[in-house]
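Structure first, then comments.
The values are calculated or read from the model by the stated rules, or taken from the named source; none is laboratory data. Note that the structure is a prediction, hence the values are computed from the model and not measured. Cβ atoms come from the backbone with ideal geometry, glycine included; neighbour counts cover every protein chain shown. In case anyone asks, the SASA skips ligands and DNA or RNA and just uses the protein heavy atoms, side chains included. Shrake-Rupley method; radii C 1.70, N 1.55, O 1.52, S 1.80 Å.
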Amino acid sequence: MAMIETDGLVKKFGPFTAVRGITLSVDKGEVLGFLGPNGAGKSTTMKMITGFLAPTQGTARIMGHDVTADPIAAQKHLGYLPEGAPAYGDMTPRQFLSFIAEIRGYRSSSAKAAAQRAIELASLEGVIEQPIETLSKGYKRRVGFAQAILHDPPVLIMDEPTDGLDPNQKFAMRGLITGMAAEKAIIISTHILEEVESVCTRAVIIDRGRVVADGPIMGKTAAFNVFAPDGSSAGTLNASTADLDAVFRELTRAHA
Amino acid sequence: MNATFTVFKREFASYFATPLAYVFIVIFLFTMGAFTFYLGNFYENGSASLATFFGFHPWLYLFLIPAISMRLWAEERRAGTIELLLTLPIPLSSAVMGKFFAAWVFAGVALALTFPMWLTVNYLGSPDNGVILASYIGSWLMAGGYLAIGACISAATNNQVIAFVVSAVVCFLFTVAGAPLVVDFFANFAPNAVVQTIASFSFLSHFNAIMNGVIDLRDIIFFGSLIAIFLFATAVLIDLKKAG
């Protein structure tokens, strides 16, 4: 059973269709890089998988639980870092992570242990007593990451986890993701194509709400299945990860 | 239930983590005192009761309560934390109730801090403390009613200014529903039963009934069901926004 499954996800906002039928499945050990131009529907798709937005059509399942029919069961198995890593700015990371631990059902000593583990994994030791709103962008992102992995979820969904981080922090974040990848199904969205090579085992390119290419990343090469707008296969495309930039522009060109 | 309490604790602590709580409480106590002593001629009345004090509550709540409620949901939307809160494995009702109760208990704390008024009348004379207790309970129930209306309006927008202004207006309508201004207007064309129904929504008449020292079950049910209805509407609104 795939740990994350979506089946024909469609999202309409009034007359505007943001997502036009996205079907994916992500297995254990996979790190799926979600690529696409701004406005392609990456965040909207992630919001539907996590249960924040209700799909207009289609379903999403996490560990077999339908997020619309049984959101709580699905969300228990999910760690989610929303875009911009929102957190309650008036709390300190320790208070915030204790709140998350408690709301996820940990009690007293186990809540402390879970919060402590997350603090260590995200290297937050130096700032745990400072209000989150006073932290730098990099630390805020790490607080959001700590929140997402606090309960060691089998499914992790992160919207631009490395956005705004400096090169050292990016490197550290990528290390964290690869370090836990074997036991989890992970989706990350990113604009940084080199990130695909360093952390992802698979890349999916979406454009105007549709999957236009999907394929594994094997070392330095990517083997994409390319899809036409009606969803039918339009052949395959093998490329070196160094050429991802060109592939990305080629497949999403009409949009610009 | 645990989730509701966890949300409540976080929300309640957040009032005191920022200057908001202190500024609000100071303004609350100051306006309550100023109205009672200057506009209400507390001393000149020469009566040992807090009727003038409580009489101003509905009017002061009109702008003080929306100041608390405006941020309830609008702030979560603006900061994006709503996305976090609503993807945690808790029922929506826990989030709605936890946040509401935190605001309501906070309003209760501000109200309880007016106790020097109570000490003053007891020092100056011998008031009917039963009436005063009933009035405090009534005032707190009424604050809950205003807060529930404000929470619902806050859920409908991510702009706190809009939330504040609209809440103040809607609360005003609920306050004066029984006043001649409203009743006469509807009496011109609506059947009597409709006029009576509208008038029965008046916060003023329910609060005045309690202020007389009688906590009637009907008044408690009125405020209780009003809170329940508006919290339900809050949850529905949040769910509707989810559907986009």
Exercise. How many residues are assigned to a loop (DSSP other than H, G, I, E, B) and among the small types (G, A, S) when one looks only at region A:148-189?
Worked result: 2
Exercise. Does A:M48 fit the bill of being open to solvent by less than 10 Å² (accessible area, probe 1.4 Å) and more than 7 Å from chain B (Cβ to nearest Cβ)?
Worked result: yes
Exercise. Out of B:F100, B:F35, B:F63, which single residue is more than 16 Å from the chain's Cα centre (by Cα) and part of a helix (DSSP H, G or I)?
Worked result: B:F35
Seminar exercise, completed: Filter region B:41-60 for residues that are open to solvent by 10 Å² or more (accessible area, probe 1.4 Å) and assigned to a loop (DSSP other than H, G, I, E, B); the one that is farthest from B:N129 (Cα to Cα) is B:N41
Exercise. What are the residue pairs meeting all of these: first residue in region A:81-97, first residue open to solvent by 20 Å² or more (accessible area, probe 1.4 Å), second residue assigned to a loop (DSSP other than H, G, I, E, B) and among the polar types (S, T, N, Q), Cβ atoms under 7 Å, and 6 or more apart or on different chains?
Worked result: A:D90/B:T18
Exercise. Within 26 Å of A:I217 (Cα to Cα) and open to solvent by 40 Å² or more (accessible area, probe 1.4 Å) - does that describe any residue in region A:144-152?
Worked result: yes
For this session: Specify which of the listed residues (A:I157, A:I188) is under 23 Å from B:P89 (Cα atoms), open to solvent by less than 70 Å² (accessible area, probe 1.4 Å) and away from every other protein chain (no Cβ under 14 Å).
Result: A:I188
Exercise. In region A:19-45, how many residues are among the β-branched types (V, I, T) and open to solvent by 30 Å² or more (accessible area, probe 1.4 Å)?
Worked result: 1
Seminar exercise, completed: Filtering region A:105-142 down to residues that are within 11 Å of chain B (Cβ to nearest Cβ) and either open to solvent by less than 40 Å² (accessible area, probe 1.4 Å) or free of Cβ contacts under 8 Å to residues at least 40 places away in the same chain (or both) yields A:G105, A:R107, A:A111, A:I132
Exercise. Identify, please: which residue in region B:1-46 is in contact (Cβ under 8 Å) with a residue 60 or more places away in the chain and away from chain A (no Cβ under 14 Å) and is, among those, farthest from B:L111 (Cα to Cα)?
Worked result: B:T36
